[in-house]
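Novice: Pasting a structure below so you can have a look.
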Amino acid sequence: MKIKNRLVVAPMTHLGSNEDGTLGEQERCFIGNRANDMGMFILAATLVQDGGKAFYGQPEVIHASQLPSLKETANIIKAQGAKAILQIHHGGKQAITELLNGKDKISASADEATGTREATAAEVRSLIAAFGHATDLAIQAGFDGVEIHGANNYLIQQFYSGHSNRRTDEWGGSRENRMRFPLAVVDAVLSAKAKHNANDFIVGYRFSPEEPEELGITMEDTFALIDALKEKSLQYLHISLWDFYKKARRGADTNAHRLQLVHERIGGKLPLIGVGNLYTPDEILAAFNTGWAEFIALGKTVMVNPDIATRILNGEENNIQRSVDPDQADHYGFPDLLWDSTMSGTQAWLPPLKGQKSNILDI
């Protein structure tokens, strides 16, 4: 598979799908003009099983009845010339109770604060199978690939983290046991790819390199995960960072940058997608020139500059925005829920409002 350039649209939570997880009209607007001149476009986190929905307006890849919607989504991206990558996801303990369709909220271990119970062994196997089934549907729908969402403290990360996984069976305890779930998900996804003989189908894996909690994921844990992932038949890894230049917290040289350490650990076996607060062409190029990533993902700047790749190609850099302008007439094509939450300040991961400082949490 050839990617036409090194720019990737990072997965962005748009809150714009229909209640049944199918393509919403406002979602169609949001993704309809943001893939032009990009190499890959990673769609918003898309739910693989009932009971794990973590956002209002979250898309789904659960039922065969959703195939027409999924096909349209893939075609919207591919018509703009980018590779369409479906990010597959389950919220685990971060699922929203009123969106569970009567299901229990489950994760690696019980969590009283969020009303989560520990998944049974049968439910663990069902969750793994759901990622494989989602991949099967993605291939049928014509996507160019899937990205396994193992980041941002959602289900897969909850299984790998010593902070959130306190199981005593084969899925918990030692680092090797905690790693068993993410690797089983990878194997399920790759099995679905093999079933279709889809040799040109892209499979990526996104991860968060560290957690702040005492028993949370450290750089040492991430290195161990990378060592296992780079032996799988993946096409890329994708780190999740707020800041491209963030330094390690623990488990490695704290004077070194996380991205640099991860890239060195991969050792050229897989391409790495880097990301983190890059807005302008100069910032994007400087990040790429570090040599720490083969691809650069853009999220917040694509939110407020949907055609940023085209602007870069045409040398139109002077009108690139770094913040959300409340007076933007078309609201950047944001779905109503996203626009309202942005204006109320509840979407901290978005660019700050014009005239305000960002309140993004340091993770």
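Novice: Using a cut-off of 18 Å between alpha-carbon atoms, which aspartates and glutamates can reach K105, once sequence neighbours fewer than 8 places away in the same chain are excluded?
Specialist: In chain and number order, the partners are D50, E60, E118, E123.
Novice: In nm, what is the difference between 0.36 nm times the number of residues separating E72 and D340 and their Cα-Cα distance?
Specialist: Value of the extension gain: 93.8 nm.
Novice: Among N199, N177, N33, determine the one that fluctuates most according to a GNM of the chain built with springs between C-alpha atoms less than 10 Å apart.
Specialist: In the Gaussian network model the winner is N199.
Novice: Can you pull a Stokes-Einstein diffusion coefficient for region 139-224 at 37 °C (0.692 mPa s), Rh from Kirkwood over Cα pairs, as a whole number of µm²/s?
Specialist: 238
Novice: Give, in nm to one decimal, the length gained when the segment between K230 and N319 is fully stretched (0.36 nm per residue of separation minus the Cα-Cα distance).
Specialist: Full-extension gain reported as 28.0 nm.
Novice: Once you order the gyration tensor axes a ≥ b ≥ c over the Cα atoms, which shape class does the chain get: rounded for a/c under 1.5, otherwise prolate or oblate by comparing a/b with b/c?
Specialist: rounded
Novice: Can you give the relative contact order of region 43-143 as a percent, counting alpha carbon pairs under 8 Å and 6+ residues apart?
Specialist: Reported as a whole number, the value is 36 percent.
Novice: At a Cα cut-off below 30 Å, give the lysines reachable from K269, other chains included and same-chain residues fewer than 8 away excluded.
Specialist: Output for K269: K2, K4, K78, K83, K193, K195, K230, K232, K246, K247, K300.
Novice: Remind me, relative contact order of region 144-235 in percent, using alpha carbon pairs under 8 angstrom and six or more residues apart?
Specialist: 35
Novice: Among the lysines, select those whose C-alpha is under 22 Å from the C-alpha of K103, and discard any that sit fewer than 8 residues away in the same chain.
Specialist: Candidates past the 8-residue exclusion: K53, K93.
Novice: Starting at the first residue of region 310-327, write each ³J(HN,Hα) from the Karplus equation 6.51 cos²θ - 1.76 cosθ + 1.60 with θ = phi - 60°, in whole Hz, x for Gly and Pro.
Specialist: Working through the residues one at a time gives 5, 4, 4, 4, 8, x, 9, 9, 6, 9, 6, 9, 10, 9, 7, 8, x, 8 Hz.
Novice: If you don't mind, another one. Compute a Gaussian network model of the chain, connecting alpha carbons closer than 10 Å, and tell me which residue from S341, S208, S240 fluctuates the most.
Specialist: With Cα springs under 10 Å in the chain, the top fluctuation among S341, S208, S240 is at S341.
Novice: Tell me, what is the per residue accessible area of the chain in Å², probe radius 1.4 Å?
Specialist: About 40 Å² of surface per residue is accessible.
Novice: Pairs of alpha-carbon atoms within less than 8 angstrom and 6+ residues apart define the contacts here; what relative contact order does the chain have, in percent?
Specialist: Averaging sequence separation for qualifying contacts and normalising by length gives 15 percent for the chain.
Novice: Give me log10 I(q)/I(0) at q = 0.17, 0.19, 0.26 Å⁻¹ for region 277-345, Debye formula, one equal scatterer per alpha-carbon, no solvent.
Specialist: -0.68, -0.80, -1.18
Novice: Just how far, in whole angstrom, is region 131-156 from region 220-281 if you go by their alpha carbon centroids?
Specialist: 20
Novice: Quick one: with all protein chains in place, what share of the accessible area of the chain is carbon or sulfur, to the nearest percent (1.4 Å probe)?
Specialist: It is 48 percent, rounded to a whole number.
Novice: Rounded to the nearest 20 debye, what is the charge dipole size of the chain about its Cα centre when +1 sits on each Lys and Arg Cβ and -1 on each Asp and Glu Cβ?
Specialist: 760
Novice: A follow-up question, please. Which shape class applies to region 28-131: rounded if a/c is under 1.5, otherwise prolate when a/b exceeds b/c and oblate if not, where a ≥ b ≥ c are the square roots of the Cα gyration tensor eigenvalues?
Specialist: Note, shape of region 28-131 comes out prolate.
Novice: Can you compute the helix-only [θ] at 222 nm over the chain? Use -39500 (n - 2.57) per DSSP H run of at least 4 residues, normalise by all residues, nearest 500 deg cm²/dmol.
Specialist: Result for the chain, helices only: -10000 deg cm²/dmol.
Novice: Compare K103, K193, K93 in a GNM of the chain, Cα atoms joined below 10 Å, and give the one with the largest fluctuation.
Specialist: Result for the chain, Cα springs under 10 Å: K103 fluctuates most.
Novice: Here's something else I'd like to know. Give a residue-ordered list of calculated ³J(HN,Hα) values for region 238-252 (Karplus: 6.51 cos²θ - 1.76 cosθ + 1.60, θ = phi - 60°; whole Hz; x for Gly, Pro).
Specialist: These are the phi-based 3J(HN,Hα) values: 9, 7, 10, 9, 7, 10, 3, 9, 5, 8, 5, 8, 6, x, 6 Hz.
The values are calculated or read from the model by the stated rules, or taken from the named source; none is laboratory data. These figures come from a predicted structure and were not determined experimentally. A quick note on method: Cβ atoms are made from the backbone with ideal geometry, for glycine too, and the neighbour counts reach across all protein chains shown. To get the accessible areas, we keep the full protein, side chains included, count just its heavy atoms, and leave off ligands, DNA and RNA. Shrake-Rupley method; radii C 1.70, N 1.55, O 1.52, S 1.80 Å.
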